[in-house]
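Values quoted throughout were computed directly from the atomic coordinates according to the rules given, and no laboratory measurement underlies them. Values in this document were obtained by computation on a predicted structure and should not be read as measured data. Every residue, glycine among them, receives a Cβ derived from its backbone with ideal geometry; neighbour counts consider all protein chains shown.
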Ligand code: MG
């Protein structure tokens, strides 16, 4: 088995959508980025790539590439899972944490888990998503940005 960790941050700005785990969440600020800036899915992808020692998402999907302008991060997650499958790995489980002062995310978490699990071809029970505030402290606490951590376990694919 292999373990991986991913971490990502995106800045909160007016005039952008807030997308976390492929769910568009109504809020007066959104995340700035070249893609859809889905910080949760980015942390997950970096954890997956890290577990397989396959680099990071900046290397696989450079933000200088116009192909990735506004792209759904779920699309990129599907490509990461294909890459891992070629290397003989599949996801065992993922545990993800969002650090955000606002908005309240509890009601959106079931849909995030479903989106991520469906994209990765695993049962929803294999994907945990948690959210916490940092008690008003730091850049998440002052709503300058949202951060996310991801931890994953990879298992070898079953051989016939
Ligand atoms: Mg990112």
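Full extension of the chain segment joining residue 135 with residue 79 gains 16.6 nm, where the gain is 0.36 nm per residue of separation less the Cα-Cα distance.
The calculated 222 nm mean residue ellipticity attributable to helices in the chain amounts to -8500 deg cm²/dmol, summing -39500 (n - 2.57) over DSSP H runs of n ≥ 4 and dividing by all residues. For the chain, the Kirkwood hydrodynamic radius comes to 15.6 Å, computed from all pairs of different C-alpha atoms.
Contact order, relative form, for the chain: 33 percent (alpha carbon pairs under 8 Å, 6 or more residues apart, mean separation divided by residue count). Looking at region 18-160 alone, DSSP beta bridges between its own residues are antiparallel in about 65 percent of cases.
Packing-based ranking of 95-101, 110-116 yields 95-101, 110-116, ordered from highest to lowest mean Cβ neighbour count within 10 Å.
Angle of helix 73-86 to the longest C-alpha principal axis of the chain, folded into 0 to 90 degrees and rounded to 10: 20°. Between helix 39-51 and the chain there is an angle of about 30 degrees, using the helix long axis and the longest principal axis of the Cα atoms. With R₀ set to 22 Å, the beta-carbon distance separating residue 63 from residue 17 gives a calculated FRET efficiency near 0.80. Applying Stokes-Einstein at 20 °C and 1.002 mPa s to the Kirkwood radius of region 83-131, computed over alpha-carbon pairs, gives a translational diffusion coefficient of 181 µm² s⁻¹. Extension gain for residue 157-residue 56 works out to 34.2 nm (0.36 nm per residue, less the C-alpha to C-alpha distance).
A crude spin-label estimate for the pair residue 142 and residue 107, with each label 7 Å from Cα along the Cβ direction, gives 3.0 nm.
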